[in-house]
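Notes to accompany the following structure.
The values are calculated or read from the model by the stated rules, or taken from the named source; none is laboratory data. Predicted model, so just to flag it, every value in this text is computed and none were measured. All Cβ positions, even for glycine, are placed from backbone atoms using ideal geometry, and neighbour counts span all protein chains on display.
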Amino acid sequence: MKKIDWNRTDLIDETEEVVQHQTKQQKETLERERGIHMEESQQNRVKITKVEVNATGEEKISKKQGTYITLSIPTLTSEDRHGFEQMQESLIHYLHDLHKDIKITEDSKILVIGLGNKTITPDAIGPYTIDAMHKKQSELDSPKFILYAPGVTGQTGFETSDYIHALAESIKPALVIIIDALATSGSARLCRTIQLTDTGIHPGGGVGNHRKEVSKEVLGVPVTAIGVPTVVEAPILIADAIDVAFRSIAAKIQERGKPSGKLSVTSWTPVNEEVDLTTVEPIFGQWATWPTEDRRQLFEEVFSTHPERLMVTPKEVDFWLSQYAFLLGESLFKWLDEKQKAGN
């Protein structure tokens, strides 16, 4: 099967190079030959992937040189209060980690930019967060951040990067923080992941609408990008749904005749459990036993020239974004307060 370039994702840990190097030996090879150092860890339910890309790595995977940190809770739901609390705790920790070499005093100015189109919900995480932070900041005696949501080029007619550059030249901030919606290549990551990086951002890059970048090289000051994946390609969603169906049917076949199978009163869908997919091969054919990546590639090729290459978002995305707007805003306020009290 010929590999085509479909992988629309903003997440560093979904790039082909990272996905295909998971063992210790593969990670050592990845660092030695491709200039990409990867560390994985876990805090409570939060899975953390930290990726360092050097100049060689930037050339190999077309991701800018710098540090990328992804925080993910695969089992997170939009009403999971404890999960969001754990995500916030990890985010604050890695905000400190990412900015440990940046000196911020009581007099320092921090510019927070919320990218996106507020009238299109999946794209509105940036403006939603700015609104939440405005509300929080109005309760404080002195402003902690300079907050701005510039809209998108389609609304204003001007490049967003130009707006931010003009603001940075006027304000002279110690740090610029960009908040934006991202694209993912895995339906399980939708609204369950946060990525932060010191490389800046290409607005619209994940959905193929590249705009001028917002980065330290452009603005002359450090730029941190924080993003939440809110959309995925429709063919990927179809492939993932079929994978779940195959695994569910295989698991039920394996349970048939066992005492445990007779105890089930509701349908059961395995998530991480090992199942033997050869049991469904007589029903669906050999493709049922293909690796998930190969089935995804099949749908990508089938739909590569389809006129309706759709991006999909969760039906409760508005509630997800309200939760994340609060989480991101609270995290930034707590991080800055802690950093200033600690004297950097």
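Just checking, which of 60, 135 is surrounded by fewer than 21 Cβ atoms within 10 Å (Cβ to Cβ) and in contact with a strand residue (DSSP E or B) (Cβ under 8 Å, 6 or more places away or on another chain)? Write out each step before concluding.
Details: 135 fails: in contact with a strand residue (DSSP E or B) (Cβ under 8 Å, 6 or more places away or on another chain).
It is 60.
Residue 65 - would you say it is assigned by TED's automatic domain parsing to the domain that holds residue 227, farther than 30 Å from residue 299 by Cα and modelled with pLDDT of 80 or more? Against the criterion (assigned by TED's automatic domain parsing to the domain that holds residue 227, farther than 30 Å from residue 299 by Cα and modelled with pLDDT of 80 or more), residue 65 qualifies.
Pull up region 63-86, narrow it to residues that are hydroxyl-bearing (Ser, Thr, Tyr) and over 23 Å from residue 317 (Cα atoms), then point me to the one that is surrounded by the fewest Cβ atoms within 10 Å (Cβ to Cβ). Break it down stepwise before answering.
Let us first name the residues in region 63-86 that are hydroxyl-bearing (Ser, Thr, Tyr), namely 67-68, 70, 72, 75, 77-78.
Then drop every residue that is not over 23 Å from residue 317 (Cα atoms), which leaves 67-68.
Values: 67: 18, 68: 25.
Ranking the candidates gives 67 first.
At pLDDT 95 or above and not basic (Lys, Arg): is that true of residue 87 in this structure? Considered against the rule, which asks whether it is at pLDDT 95 or above and not basic (Lys, Arg), residue 87 comes out as yes.
Only a single item in (1) touching a Phe, Trp or Tyr at 6+ places or on another chain (Cβ under 9 Å); (2) within 30 Å of residue 45 (Cβ to Cβ); (3) at pLDDT 90 or above; (4) of a type outside the set (A, V, I, L, M) is not met by residue 144, and it is number (3). For region 165-200, filtering for residues that are of a type in the set (A, V, I, L, M) and touching an Asp or Glu at 6+ places or on another chain (Cβ under 8 Å) leaves 4.
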